[in-house]
Amino acid sequence: MAVTDRLPEPVHVLLSDGTTVCIRPVRPGDEGAVRRLYEEMSPENLRLRFFTISRDSARKAAERLCSRPRPGARALLAETGSEVVGLAQYEQLDGDGDGFDADVALAVADRWHHRGVGTLLLEHLVSMARVDGITAFVADALSDNRDVLKVFADLGLSVSRHFEGPEVHCRVRLAEDESYLSAVEVRGRTADVASLQALLRPRSVVVIGPGRHPGSVGRAVLRNLRGNGFTGRLYAVHPEASVILRVPTYRSVAALPQQPDLAVVAVPAASVPGVAEECGARGVRALLVLSAGLDTLQAKALLSACRRHGMRLAGPNCLGLANTEEDVRLDATFAADRPLAGTAGVAVQSGGVGIALLAGLSRLGIGVSSFVSLGDKYDVSGNDMLQWWESDRRTDLALLHLESFGNPRAFSRTARRVTRRMPVLTVDAGRTDAGRRAAASHTAAAATPTMTRQALFRQAGITATRSIAELLDTAALLHTQPPPTGRRVAVVSNAGGTGVLAADACVEAGLTVSSFTPELVERLLAALPASACATNPVDTSAAVSEDQLRDCLDVLTAHAEVDAVLVSLVPTAVATATGDDLTRAVTEAAEHPACTLAAVLPDQEASVQLLTTGAGAVPAYADPQAAARALAHAAARAQWLARPTGTVPALDRVDDHTAAAVVETYLGRETEGGWLAPRDCAALLDCYGIPQLPLAWAGTEDEAAAAAERLRLPGGAVVLKAHWPGLVHKSEEHAVRLGLRDDEQVRSAYRDFVERFAGRLDGVLVQPMAEHGIELFAGVVQDEVFGPLVLFGLGGTATEILADHAARLAPLTVEDVHDLTAAPRCAPLLHGYRGTAPVDLEGIEQLLLRLSRMAADLPQLAEADFNPVNATPSGVAVVDARVHLTPRRPHDPYLRRLR
Ligand code: ADP
Ligand code: MG
């Protein structure tokens, strides 16, 4: 257990009111501070903690706690500055075979009660205890200790209580489940949103470093803050001036007459850490750092000042932030144009993308609720902003541009929740993987960063677009139209050729344009001019009038065969109706939002605009492909919304204790890690109930012959595979001999291996020949930040060439696994093709779920590669498995901490 003996690093975490505390293990030097915590506790608080008001037990407890570390005992404290505000500890008790109990105790300074200190300490203690193999916390409390009982009850874990006289015995089971994770999440969101108030709804702002001459970034921000009507108090700091842009200006932050909530920092990189420190000392609660070019030391100093003084930090290297709320009107950006007030939340990593999105949203009339340029993202990230928008009633659309992820697993959980409430759109930046990693196994080579990121977006229900233009096109549709309930599009045009182009674009985007039933055709013909054609696409002919078009759209939008209508209109000379008349018919149809509606106006100037009259608004695109892609995104979102929120299914026949032992034994021997030997590999798969072809190990010719006799099915053949440590691709070395029918063939194959691999051969694997089936591939790679990624696709020796596979992030839910098995191009083969029977799809899904569980349980499992997995109508079996292990400390991605 050498790796797990290391103590956790100190981390900063937000309390429920948004203040920051540091959580770290207790060290021997802490005795004074711990004693002070106990000494300053009121007699009542002391009685509840120690069951007596005598300060003697407290003194002894402090001494004991801070003496030499004792095995099985752990203690964490929460501090701000040098003040210890809370303490939580456990001591391991005797255990049964299934893990240990630990006795837990908690103390919080009087004036820090009800701010979540106790809960936070317990969350961190729980995470540490799990690594130590502890399965339950037990605690004795006085029955009138409501606070501590409430802390246990609210934790989200299952708690049993047993009252006895004046005391109550509590037992908290540490097994992590969904309800614990969501309880942690809810607390995390409350704390996060509270801490962002100072950044996004400050009551007072100071701009540090506005130049006196035009062209300075700080001056531009000050001008926007003033000119765009910030409702709070505004100050500036400048070494000489006393007024800049009519804003009262002071020599230093310390000299300000009032403590500002937010400081906007626009000074040279070298001065940033000093300014941050001054801000912290003055009680500033959030920093927006526009300055760029901080080196590593400056960056570290900036973040450390923010953490020590409990300031949230946006930037550095960013364009600024804005909140258009009427009673805030904060425009702390140096963008040229004022952001239009509206309902889109926008967070971008690149300032340039930010300017483009703000301009686009203004042009469309959607506008923004809040905007943050995240810049280098030292602290405030996309995840923070998603939580802010989730709790902000004005936001109904979230646009994110992210180049990197700090904690993708926490982000994914947040996003899954937020996408159910509002569309979350992103530009998928960096889609091409310029350099693929050279890797020993197929799984590692196939799992590219693009694939990982796209799996994240897909599983979280995020709409990932390929460009800013596509993002705005899609936002325009999602903002104005109901999501289509299916993929069936009716295309309508007043000029046949444009209708055909629009229909092609729809099909290419993955929508369907199928022919109408005679009943619908008849109804359309009755509404349209005699020259019209009412199949799909519908050609209204150029002679269509406004009323006729309206009737046609009314029929289509109300019809059960149609999920979305795409109308393409060109101005023609023959028409009695003008272009305006026709577009009016379209917007009027949108007033009954039964069906999704979009227009294509090839002659319009903007690539996308919103047509509005009265109550309705319809997006109109210059290019039918843009319209079709937006519709396809909307359909995908509707599908996502219709899907139940995912559950990770419970699995039987899982023995994670033995699995952990297999891994530890291997890493105890091979401290650098490596590939598991075939038999250990098989043992590990067995722990997770993953079906495999039977396998025997032979060290001599006679053993091989005997194993073949035992494993050969009646009338069947066997396979021999040579093995030596380090052999990865067996067939490349001609180390696989298939179809050995009798004793003589087995012996001769064995002798051939001995001859060819003399000096290397370690032994031989004997397997029965697999029944004829489809060769599939399943694998998993562990990404340091994203966690395990499960891959699935076509297997066998052609895997690399065909590269037909899909990926999803673990833990896989039931929905994820359906999605994953349906995603590769080879998926139709699984359902039976040209007379072959469908294969055991349920078996494949079980195998993937078990693989996902194995990777989620074992952080040391760097990679597993099953190729091939043989799938037949009656079952699935892994034929060839490889598992790579590396020493790695378990890491809790859901533990609350600031970066
Ligand atoms: P490697 O991937 O190291 O080259 P495999 O064990 O996957 O070695 O064998 C290579 C190929 O031989 C497999 O892709 C499969 O087509 C075939 N094969 C291997 N073992 C069996 C078996 N037991 N039954 C049928 N075919 C097999
Ligand atoms: Mg193989």
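The values are calculated or read from the model by the stated rules, or taken from the named source; none is laboratory data. None of these values were measured; they are calculated from a predicted model. Heads up, the Cβs are rebuilt from the backbone with ideal geometry, glycines too, and the neighbour counts pull from every protein chain shown. Areas reflect the complete protein model, heavy atoms only, side chains present, ligands, DNA and RNA absent. Shrake-Rupley method; radii C 1.70, N 1.55, O 1.52, S 1.80 Å.
Solvent-accessible area per residue for segment 229-307 at a 1.4 Å probe radius, Å²?
Value for segment 229-307: 42 Å² per residue.
What is the magnitude of the charge dipole of the chain about its Cα centre, with +1 placed on the Cβ of each Lys and Arg, -1 on the Cβ of each Asp and Glu, and no other charges, expressed in debye to the nearest 20?
The dipole magnitude comes to about 3000 debye.
Determine the shape class of the chain: with a ≥ b ≥ c the square roots of the Cα gyration tensor eigenvalues, call it rounded for a/c under 1.5, and otherwise prolate if a/b is greater than b/c, oblate otherwise.
Taking the square roots of the gyration eigenvalues as a ≥ b ≥ c, the chain is oblate.
List the trypsin sites (Lys or Arg not before Pro) within segment 233-275 that DSSP assigns to loop and that have no more than 14 neighbouring Cβ atoms inside 10 Å.
Within segment 233-275, the qualifying trypsin sites (Lys or Arg not before Pro) (loop, at most 14 other Cβ atoms within 10 Å) are Arg246, Arg251.
For an R0 of 25 angstrom, estimate the FRET efficiency from the Cβ-Cβ distance between Asp656 and Glu800 and round to the nearest 0.05.
0.15
With θ taken as phi - 60° and the coefficients 6.51, -1.76 and 1.60, list the Karplus ³J(HN,Hα) couplings across segment 63-80 in order, rounded to whole Hz; mark glycine and proline as x.
With the stated coefficients, segment 63-80 comes to 5, 4, 4, 9, 6, 4, x, 9, x, x, 10, 9, 9, 10, 10, 10, 9, 10 Hz.
State the answer as a single residue: which of Val736, Phe792, Ala706 lies farthest towards the positive end of the charge dipole of segment 689-804, with beta carbon charges of +1 for Lys and Arg and -1 for Asp and Glu, about the Cα centre.
Of the candidates, Ala706 comes out farthest on the positive side.
Starting from the Cα-Cα distance between Lys730 and Asp702, subtract it from 0.36 nm times their residue separation and give me the gain in nm to one decimal.
Gain on extension, Lys730 to Asp702, equals 7.8 nm.
Dipole size in debye (nearest 20) for segment 694-769 around its Cα centre, Lys and Arg Cβ +1, Asp and Glu Cβ -1?
Around 200 debye, computed over segment 694-769.
Accessible area of the chain with a 1.4 Å probe: how many percent of it is carbon plus sulfur?
The nonpolar share, carbon plus sulfur, comes to 52 percent.
Could you pull out the trypsin sites (Lys or Arg not before Pro) across segment 326-425 that fall in loop regions by DSSP (anything but H, G, I, E, B) with no more than 12 other Cβ atoms inside 10 Å?
Listed in order of number, the matching sites are Arg393.
Counting pairs of alpha carbon atoms under 8 Å apart in space and at least six apart in sequence, what relative contact order in percent does segment 1-73 give?
25 percent
Would you mind pulling out the separation of the Cα centroids of segment 645-672 and segment 855-896, in Å?
Measuring centre to centre over Cα atoms gives 9 Å.
In whole Hz, what ³J(HN,Hα) sequence does segment 639-654 give by Karplus (6.51, -1.76, 1.60; θ = phi - 60°), x for Gly and Pro?
5, 4, 5, 6, 6, x, 5, x, 10, 8, x, 6, 10, 8, 6, 10
Can you compute the FRET efficiency between Thr647 and Asp154 using 1/(1 + (r/R0)^6), with r the Cβ-Cβ distance and R0 = 25 Å? Round to the nearest 0.05. Don't skip to the end; give the middle numbers.
Working: r = 23 Å, r/R0 = 0.93.
Once the sixth-power term is evaluated, E becomes 0.60.
Report the antiparallel proportion of the DSSP beta bridges in the chain as a percent, rounded to a multiple of 5.
Taking every DSSP beta bridge with both residues in the chain, the antiparallel ones total about 65 percent.
Sketch the reach of a paramagnetic label on Arg130 as a point 7 Å from Cα along Cα-to-Cβ, and name the residues of segment 850-877 whose backbone nitrogen lies under 19 Å away.
850-862
Roughly speaking, what is the stretch gain from Arg68 to Ala606, that is 0.36 nm per residue apart minus the C-alpha to C-alpha distance, in nm to one decimal?
186.5 nm
With charges set only on the Cβ (+1 for Lys and Arg, -1 for Asp and Glu), what does the dipole of segment 486-642 come to about its Cα centre, in debye to the nearest 20?
It works out to roughly 440 debye.
Send over a whole-number figure in Å² for the accessible area per residue of segment 486-642, probe 1.4 Å.
40 Å²
Using the heavy atoms of the protein chains and a 1.4 angstrom probe, tell me the accessible area per residue for segment 694-769 in square angstrom. Working shown, then result.
On the way: 3920 Å² over 76 residues.
Accessible area per residue: 52 Å².
For segment 41-92, what does the alpha-carbon gyration tensor say about shape, rounded, prolate or oblate, given a ≥ b ≥ c as the root eigenvalues, a/c under 1.5 as rounded, and a/b over b/c as prolate?
The shape class here is oblate.
Show which aspartates and glutamates lie in cross-link reach of Lys300 when reach means a straight Cα distance below 15 angstrom and same-chain residues fewer than eight apart are skipped.
List returned: Glu277, Asp376, Asp379.
Can you give the calculated 222 nm mean residue ellipticity of the chain, where each DSSP H run of n ≥ 4 adds -39,500 (n - 2.57) and the sum is split over every residue, rounded to the nearest 500 deg cm²/dmol?
-11000 deg cm²/dmol, from helical runs alone.
Which value in nm describes the separation of the simple spin-label points at Ser391 and Ala341, placed 7 Å from the Cα toward the beta carbon?
2.3 nm
On a straight-distance basis, which lysines could pair with Lys721 in a cross-link, Cα separation under 24 angstrom, same-chain partners fewer than 8 positions away excluded?
Straight-line reach from Lys721, under 24 Å: Lys730.
Sketch the reach of a paramagnetic label on Asp680 as a point 7 Å from Cα along Cα-to-Cβ, and name the residues of segment 713-737 whose backbone nitrogen lies under 17 Å away.
Correct set: 723-728.
Roughly how many nanometres apart are two label points built 7 Å out from the Cα toward the Cβ at Ala822 and Val11?
My value for the distance between the label points is 3.6 nm.
Quick one: Cα centre-to-centre distance for segment 702-728 and segment 160-182, in angstrom?
53 Å
Please report the net charge: other residues with Cβ closer than 12 Å to the Cβ of Trp112, K and R +1, D and E -1.
-4
Between Ala534, Pro423, Gln387, whose Cα lies farthest towards the positive end of the dipole of the chain when Lys and Arg beta carbons carry +1 and Asp and Glu beta carbons carry -1, centred on the Cα centre?
Of Ala534, Pro423, Gln387, it is Gln387.
Around Ala705, what is the net charge, scoring Lys/Arg as +1 and Asp/Glu as -1 over all other residues with Cβ under 15 Å from its Cβ?
Within the 15 Å Cβ shell, the charges total -2.
If you add up the charges near His831, with Lys and Arg at +1 and Asp and Glu at -1, over every other residue whose beta carbon is less than 14 angstrom from its beta carbon, what do you get?
Cβ neighbours under 14 Å give a net charge of -1.
Could you work out the relative contact order of the chain? I mean the mean sequence separation of Cα pairs under 8 Å and 6+ apart, divided by the number of residues, in percent.
8 percent
Given H placed 1.01 Å from N in the peptide plane, which residues other than close sequence neighbours of His592 have an amide H under 5 Å from its amide H?
Hits under the 5 Å cutoff: none.
Could you tell me the center-to-center distance, by alpha carbons, between segment 494-535 and segment 325-402 in angstrom?
40 Å
By the gyration tensor of its Cα atoms, with a ≥ b ≥ c the square roots of the eigenvalues, what is the shape of segment 11-176: rounded for a/c under 1.5, prolate for a/b over b/c, or oblate?
Values: a/c = 1.29, a/b = 1.19, b/c = 1.08.
Judged from the Cα gyration tensor, segment 11-176 comes out rounded (a/c under 1.5).
Of Tyr621, Ala642, Thr587, whose Cα points farthest to the positive end of the dipole of segment 486-642 (charges on the beta-carbon: +1 Lys, Arg; -1 Asp, Glu; origin at the Cα centre)?
Farthest towards the positive end: Ala642.
With labels modelled as points extended 7 Å from the Cα through the Cβ direction, what inter-label distance (nm, one decimal) is found for Leu142 paired with Ser252?
It works out to 4.9 nm between the two label points.
What FRET efficiency do you get for Leu738 and Glu91 if R0 is 60 Å and r is their Cβ-Cβ distance, rounded to the nearest 0.05? Kindly include the intermediate steps, with their values, before the conclusion.
On the way: r = 59 Å, r/R0 = 0.98.
So, using R0 = 60 Å, E works out to roughly 0.55.
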